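Every number here is computed from the coordinates shown, using simple stated rules; none is lab data. The shown structure was predicted, so the numbers you read here are calculated from the model rather than taken from an experiment. Counting neighbours? That spans all protein chains shown, and the Cβs are built from the backbone with ideal geometry, glycine included.
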Amino acid sequence: MSILEFIKQPWPWYVAGPLIGMTVPILLLIGNKAFGISSSLRHICAACMPAKIPFFQYDWKKEAWNLFFVAGIFLGGFIATSLLSNPSNIVLNPKLVTELSGYGITDYQAMVPVQLFNWSSLFTLRGLIMMVGGGFLVGFGTRYAGGCTSGHAIMGISTLQWPSLVATCCFMTGGFIMANYILPYILLLG
Amino acid sequence: MKNNIKYLLVGIAFGIVFVKAEVISWFRIQEMFRLQSFHMFGVIGSAIAVGILSVWLIKKFNIKTINGEAITFTPKTFNKGQIYGGLIFGFGWAITGACPGPLFAQIGTGATVISITLISAIAGTWVYGRFKDHLPH
């Protein structure tokens, strides 16, 4: 097996997790920066539509590194898909496959299920709730909580901040409630 | 600008890991919240373990940045927003299958419609900023 073939396989958690964790010391060492991605959304607001709101009145240019970082994440997604992608479908728990097929979700080729997230379903009730509503909850919730998975779950817990542990438990609780008790009804909307 | 190129490069590496480990997969997020796979718990857990160890080493050996600057940590204070906001973000995470970082990576994989989800997330951030003082904290 060549190195490229090796890289193209899906990476196991024990390779990916430590690499993601290494982002914490790398950002600290190259520029004394605290890992956190949801702040980028705030900087975009401050740069594009501050609207005299005190929360967006600060020198966002000083935080521009964060915007370069998320631009890199976008490019990384593009590079991994165009050059390093794995042609076979994702391997999932058969219980999930059975459940999702009940909602007509049968295509497992992409990271994002094309049968749910596509331009033509954007203006269906299900599409609006999932793409527009879901995005709104992500942006509103992370800012209200003061951070997301990177800022709280990884950076916050790494520096032993108990408020971040509380936030992370709430992220998981919210996700558990939505995925098991609410999302099935949204998926049924077709 | 020049100074920020290094963050772009770290972001690229990070985005590649996201895709290759299927961390940005909507399906993997569903498996995690249905407790059907260890994968995402392993990724998040081992990332935190490496983070804790590296921060401990930085503090213990008083390691400086590459420019010789002292590394600083900002303590977080608790407020109820971490509970309410945390639950709301959790709802959004399970619907979209993405946190803020993965949204950018998902668009990069060619799921262009996720740019609408990203714009909506920016709008959510804006609405929080607008009504911040009226929300319980």
Q: Could you tell me which helices of chain A pass both thresholds, a Cα extent of 15 Å or more along their own axis and a mean Kyte-Doolittle hydropathy of at least 1.0, with helices taken as whole DSSP H runs?
A: A:13-31, A:64-83, A:162-177
Q: Run the dipole for chain B about the Cα centre, Lys and Arg Cβ at +1, Asp and Glu Cβ at -1, nothing else charged, and hand back the magnitude in debye, nearest 20.
A: 340
Q: Beyond 19 Å between alpha-carbons counts as too far, so tell me which of A:K33/B:K20; A:K33/A:K62; A:K33/B:K76; A:K62/B:K132 fall in that bin.
A: A:K33/B:K20; A:K62/B:K132
Q. How big is the gap, in Å, between the Cα center of the stretch A:145-190 and the Cα center of the stretch B:3-27?
A. 20
Q: Work out the mean other chain Cβ neighbour count within 10 Å for the residues of B:37-43 and drop it here as an integer.
A: 5
Q | For residues of B:55-67, the mean tally of beta carbons on other chains within 10 Å | A | 3
(Q) Can you compute the charge dipole magnitude of the protein assembly as shown about its Cα centre, using +1 on each Lys and Arg Cβ and -1 on each Asp and Glu Cβ, nothing else charged? Give it in debye, rounded to the nearest 20. (A) 740
Q) Too long at a 26 Å Cα-Cα cut-off: which of B:K2/B:K64; A:K61/B:K59; B:K6/B:K80? A) A:K61/B:K59; B:K6/B:K80
Q: Would you mind ranking A:R143, B:R28, B:R130 by Cβ crowding within 10 Å, fewest neighbours first?
A: B:R130, B:R28, A:R143
**Q.** Relative exposure of A:F68, A:F35, A:F6, judged by other C-beta atoms within 10 Å (fewest first)
**A.** A:F6, A:F68, A:F35
**Q.** Restricting the stretch B:17-73 to chymotrypsin sites (Phe, Trp or Tyr not before Pro) in coil, as DSSP defines it, with at most 12 other Cβ within 10 Å
**A.** B:F38, B:F61
**Q.** Cβ-based exposure ranking for B:H39, B:H137, in which fewest neighbours within 10 Å come first
**A.** B:H137, B:H39
Q: Return the Rg/Rh value of the stretch A:116-190, two decimal places, where both radii are evaluated on C-alpha atoms and Rh is the Kirkwood radius.
A: 1.08
Q | Segments A:42-52, B:90-100 sorted - mean Cβ within 10 Å per residue, highest first | A | B:90-100, A:42-52
Q. Pulled fully out, how much extra length does the chain show between A:L84 and A:W162, if you take 0.36 nm times their separation in residues and subtract their Cα-Cα distance?
A. 24.2 nm
Q: Express in whole angstrom the spacing between the alpha-carbon centres of the stretch A:14-54 and the stretch B:83-137.
A: 15
Q) Any idea what the dipole of the stretch A:1-85 comes to, in debye rounded to 20, about its Cα centre with Lys/Arg Cβ at +1 and Asp/Glu Cβ at -1? A) 260
Q | All-pairs Cα distance distribution in the protein assembly as shown, expressed in whole percent, bin size 20 Å | A | 33, 60, 7
